[in-house]
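Peer 1: Sharing a structure, written as structure tokens. Questions coming.
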Amino acid sequence: MSEQTFQTLGEFIIDKQDDFKYSTGELSRLLSAIRLASKVVNREVNKAGIAEIIGHAGNQNVQGEDQQKLDVLANNLFIEALSQREVVCGIASEESDDFIEIKATSNAHLNKYVVLIDPLDGSSNIDVNVSVGTIFSIYRRVTEPGTPVQLKDFLQKGVKQVAAGYVVYGSSTMIVYTTGNGVNGFTLDPSIGTYYLSHPNMKFPTTGKIYSINEGNYIKFPQGVKDYIKYCQLEEGDRPYTSRYIGSLVSDFHRNMIKGGIYIYPSTSQSPKGKLRLLYECNPMALLAEQAGGKASDGYRRILEIEPTELHQRVPFFCGSAAMVTKAEEFMAKALKP
Ligand code: P6P
């Protein structure tokens, strides 16, 4: 089948615009801005090895993690692309301590969307040529258009997301996103810079045989997680499962959504809240998971119902095939019983 028969991302965004009540095209323009920035980041990621931009930028981000030069570049590219399209009034990023009020255009404060983004998740993988990703989450502001954007515009439950998605810069580059009507995946043809609808209506298999967790932290895990890992490894029924852990949330999530599986980043004795951030990692991935028929919790509570209290807060994260997440939750609950 020739490429021309595949719908492009641009055509898809326009076609789906009517899915929104009172659609004014603003969300379409927002998604197009993400599409554009992802192509530039893709180009930079793909030449990182030779462009003298790998390695550390010499700074640390709000998480105290070394910022890779590409982190900084990706952050700036997405902020620039989103600021110039007069649809966003504020941005919060893993790479920025506080949220950013958009003032690039005179009426930016009238815009109705805020975006939360992890511009380059898993960036420590860049120097070893392993796939990385961008994760984004989109909300309507809760404060009045025309007033300055406030923290409460960002501290919204995940169920309030208008759209969410990721870019995976892997063996091919894909955008996978939802606007609340299912999940669709688009693959970039880098030779012409066009994304084509390659994975329509993506669905998490209800169960699977892959578990993704950094077992190097085993001794620091809660007992329920230790018990679940042992369950996965037991020779019984359809087990033992396969362990696959790339160290890049977007890549582990993407593989599990296609093949079936569970990704777990639990609390540890060292990090009682886990490592992943609720607002720009767990909430968008949880919305995608649920829209694809999967499940996402902190081991006990639905991720999308957690009331945020701070911009960079962390939560434990169990996400993937619904039956597998439910089974892991059963072990977590059982371990709490006296
Ligand atoms: P660890 C990358 O830093 C990230 O946020 C996720 O993409 C990834 O799954 C996880 O952290 C890896 O963390 O502690 O296992 O190296």
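The values are calculated or read from the model by the stated rules, or taken from the named source; none is laboratory data. Just so you know, these numbers come straight off a predicted model, no measurement behind them. Glycine also receives a Cβ, built like all others from the backbone with ideal geometry; neighbour counts cover every protein chain displayed. All accessible areas refer to the heavy atoms of the entire protein, side chains included, with ligands and DNA or RNA removed. Shrake-Rupley method; radii C 1.70, N 1.55, O 1.52, S 1.80 Å.
Peer 1: I want to confirm something. Restricting to region 209-229 and keeping residues that are part of a helix (DSSP H, G or I) and farther than 14 Å from residue 329 by Cα, which single residue is most open to solvent (accessible area, probe 1.4 Å)?
Peer 2: Let us first name the residues in region 209-229 that are part of a helix (DSSP H, G or I), namely 215-220, 223-229.
Remaining after also requiring farther than 14 Å from residue 329 by Cα: 215-220.
Numbers: 215: 60, 216: 64, 217: 28, 218: 64, 219: 139, 220: 64 Å².
Ranking the qualifying residues of region 209-229, first place goes to 219.
Peer 1: Separate question: Out of all the residues in region 259-277, which are in contact (Cβ under 8 Å) with a residue 40 or more places away in the chain, within 13 Å of the ligand (Cβ to nearest atom) and closer than 19 Å to residue 309 by Cα?
Peer 2: Listed by number, the residues that qualify are 267, 271, 274, 276, 277.
Peer 1: I would also like to ask the following. Go through region 100-115 and give me each residue that's within 14 Å of residue 78 (Cα to Cα) and part of a loop (DSSP other than H, G, I, E, B).
Peer 2: If the condition is that a residue be within 14 Å of residue 78 (Cα to Cα) and part of a loop (DSSP other than H, G, I, E, B), then 102, 104 are the ones that fit.
Peer 1: Counting only residues that are assigned to a loop (DSSP other than H, G, I, E, B) and either within 16 Å of the ligand (Cβ to nearest atom) or farther than 26 Å from residue 295 by Cβ (or both), how many does region 188-208 have? Working first, answer last.
Peer 2: Keep residues of region 188-208 that are assigned to a loop (DSSP other than H, G, I, E, B), which gives 190-193, 200-208.
Remaining after also requiring either within 16 Å of the ligand (Cβ to nearest atom) or farther than 26 Å from residue 295 by Cβ (or both): 190-193.
Residues meeting the conditions: 4.
Peer 1: Kindly check whether there is at least one residue in region 240-251 that is assigned to a helix (DSSP H, G or I), surrounded by fewer than 16 Cβ atoms within 10 Å (Cβ to Cβ) and either modelled with pLDDT under 95 or within 13 Å of the ligand (Cβ to nearest atom) (or both). Step through it out loud before you land on a result.
Peer 2: First, pick out the residues of region 240-251 that are assigned to a helix (DSSP H, G or I): 249-251.
Next cut, surrounded by fewer than 16 Cβ atoms within 10 Å (Cβ to Cβ) only: none.
For region 240-251, residues assigned to a helix (DSSP H, G or I), surrounded by fewer than 16 Cβ atoms within 10 Å (Cβ to Cβ) and either modelled with pLDDT under 95 or within 13 Å of the ligand (Cβ to nearest atom) (or both): absent.
Peer 1: State all residues of region 230-239 that are open to solvent by 10 Å² or more (accessible area, probe 1.4 Å) and either free of Cβ contacts under 8 Å to residues at least 60 places away in the same chain or within 13 Å of the ligand (Cβ to nearest atom) (or both); if no residue qualifies, say none.
Peer 2: Going residue by residue through region 230-239, those that are open to solvent by 10 Å² or more (accessible area, probe 1.4 Å) are 230-231, 233-239.
Within region 230-239, 230, 233, 234, 235, 236, 237, 238, 239 meet the criteria.
Peer 1: Then there's this: Could you check region 116-127 and list, in sequence order, the residues that are part of a strand (DSSP E or B) and under 16 Å from residue 282 (Cβ atoms)?
Peer 2: Within region 116-127, 116, 117, 118, 121 qualify.
Peer 1: Still on this structure: Scan 72, 130 and give me the residue that is among the aliphatic types (A, V, I, L, M), in a loop (DSSP other than H, G, I, E, B) and open to solvent by 10 Å² or more (accessible area, probe 1.4 Å). Write out each step before concluding.
Peer 2: On the way: 72 fails: in a loop (DSSP other than H, G, I, E, B).
On inspection, the qualifying residue turns out to be 130.
Peer 1: Within region 133-154, which residues are open to solvent by less than 30 Å² (accessible area, probe 1.4 Å), without any contact (Cβ under 8 Å) to a residue 40 or more places away in the chain and in a loop (DSSP other than H, G, I, E, B)?
Peer 2: So in region 133-154, the residues open to solvent by less than 30 Å² (accessible area, probe 1.4 Å) come out as 133-139, 141, 143, 149, 153-154.
Remaining after also requiring without any contact (Cβ under 8 Å) to a residue 40 or more places away in the chain: 139, 143.
The answer is 143, and nothing else.
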